[in-house]
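*Asks:* The structure that follows is given in the form of structure tokens.
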Amino acid sequence: MPLIDTHCHLSHERFREDLDAVLARAHDAGVTRVVSIASHLDDAAELAGWTEAPPGSGRGGDASPEGRVPRIFATAGIHPHEVGHLPDGPDHDGEVRHVLDRLRALLDHPGVVAVGECGLDFHYDFAPRDTQFRWFDRQLLVAGESGLPVVVHCRAAEDEMIPRVREAGEAGIRGVLHCFPGHLGLLETALDAGWHVSFTGIVTFRSFDGIEAVQQVPAGRYFLETDGPYLAPIPHRGKRNEPAFVPLIRDRVAELRGTTPLEVEESTTAAAVRFFDLPAD
Ligand SMILES: [Zn+2]
Ligand SMILES: [Zn+2]
């Protein structure tokens, strides 16, 4: 069964030079589908276009032969790092509505399979926390209206995330906590709410302290992701991460769970296909 990279930022500038080669390597590594994650709405618009006509022609010198590229799907949303650039506050209702209407229009694109990534990042705090809360809550509501799942970023904000996941689950909103660091209280809330988690290359780091979460999450409730270009797994740590490295994450997850790479591959691919409602390969 093929693998899916459920979270990669293919439009990141670090892929601009050689995206053809990156996509060909992904395909050769058995990664036949990539969910490319938007960080803001211009990003989402570009990625939506890529779901129809994959970027190509000339990047990386060695153009991908027909059929040697993974199929690309996109998300549309605004990362907590970016929400400080958006209108907010009582005097800006009209502008806020305009941004949300643009988000809704992007979600109508057939290649856009989720809202996100959105969430809370209190590690970097690039935007004021009140602004982060408001833009996260707005995007959760839009996800609820649209019926699409939501891809959620949570860093150093577990206590604030828990009640939001619980409420979203009660409202029928489905989500994934991506780059899941292993907080067991948040895992329990997510599972109760019908949510999923996904694991990146940090599972291969010696410093990774979320092993219990990797072991406890039931099959069918977690996916694999690179979060490329960030967080490259061992032995590529510190270099650019790319979808071709998903097998390294699969193998480490299998090792931690005491199962086979094939079982992890089959269960994560099936779970991601269901969650994002992806068409057959
Ligand atoms: Zn993230
Ligand atoms: Zn991301």
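*Asks:* Can you give the net charge of the other residues whose Cβ lies under 11 Å from the Cβ of Ser11, counting K and R as +1 and D and E as -1? Provide the component values of the computation, followed by the final result.
*Replies:* Working: positive: Arg14, Arg16; negative: Glu13, Asp42, Asp43, Glu46.
Once positives and negatives cancel, what remains is -2.
*Asks:* Next up: Label points 7 Å out from Cα along the Cβ direction at Phe133 and Ala219: separation in nm?
*Replies:* 4.2 nm
*Asks:* Could you work out the helix-only [θ] at 222 nm for the chain, with each DSSP H run of four or more residues adding -39,500 (n - 2.57) and the total divided by the number of residues, to the nearest 500 deg cm²/dmol? Mind showing how you got there, number by number?
*Replies:* Details: 9 runs with 109 residues, N = 281.
One gets -12000 deg cm²/dmol as the mean residue ellipticity at 222 nm.
*Asks:* Taking only C-alpha pairs under 8 Å that are 6+ residues apart, what is the relative contact order of the chain in percent?
*Replies:* Working: 595 pairs, mean separation 55.3, N = 281.
It comes to 20 percent, rounded to a whole number.
*Asks:* Name the most mobile residue of Val96, Val150, Val246, meaning the one with the largest mean-square fluctuation, in a Gaussian network model of the chain with Cα contacts below 10 Å.
*Replies:* In this elastic network of the chain, the residue with the biggest mean-square fluctuation among Val96, Val150, Val246 is Val96.
*Asks:* Could I ask something else about it? Say we join alpha carbon atoms closer than 10 Å with springs in a Gaussian network model of the chain; which of Gly220, Gly210, Gly258 then has the biggest fluctuation?
*Replies:* So, out of Gly220, Gly210, Gly258, the one fluctuating most is Gly258.
*Asks:* May I pose another question? Once you keep just the Cα pairs under 8 angstrom separated by 6 or more residues, what percentage relative contact order results for region 181-227?
*Replies:* Rounded, it is 51 percent for region 181-227.
*Asks:* With springs connecting C-alpha atoms under 10 Å apart, model the chain as a Gaussian network and identify which of Pro163, Pro90, Pro149 has the largest mean-square fluctuation.
*Replies:* Its mean-square fluctuation being the largest, the pick is Pro90.
*Asks:* Starting from the eigenvalues of the Cα gyration tensor, five times each then square-rooted, give me the equivalent ellipsoid semi-axes of region 156-281, largest first, whole Å. Please report the intermediate quantities before stating the final value.
*Replies:* Values: eigenvalues 105, 60, 38 Å².
Working from the Cα gyration tensor, I get semi-axes of 23, 17, 14 Å.
*Asks:* Let me ask something additional. Name the chymotrypsin sites (Phe, Trp or Tyr not before Pro) in region 116-172 that are in a loop by DSSP and that have at most 13 other C-beta atoms within 10 Å, would you? List each step's numbers first, then the result.
*Replies:* Working: sites: Phe122, Tyr124, Phe126, Phe133, Trp135, Phe136; in loops: Phe122, Tyr124, Phe126.
Within region 116-172, the qualifying chymotrypsin sites (Phe, Trp or Tyr not before Pro) (loop, at most 13 other Cβ atoms within 10 Å) are Tyr124.
*Asks:* Within the chain, which is the longest segment that contains none of the trypsin sites (Lys or Arg not before Pro) sitting in a DSSP loop with at most 16 other Cβ atoms within 10 Å?
*Replies:* Working: sites that count: Arg16, Arg68, Arg206, Arg237, Lys239, Arg240.
Counting only loop sites that pass the neighbour cut-off, the longest clear stretch is 69-205.
Just so you know, all these numbers are worked out from the coordinates, no wet-lab data involved. Nothing here was measured: the structure is a model prediction, and the numbers come from that model. Don't worry about glycine lacking a Cβ; one is built from the backbone with ideal geometry, like all the others, and counts go over all protein chains shown.
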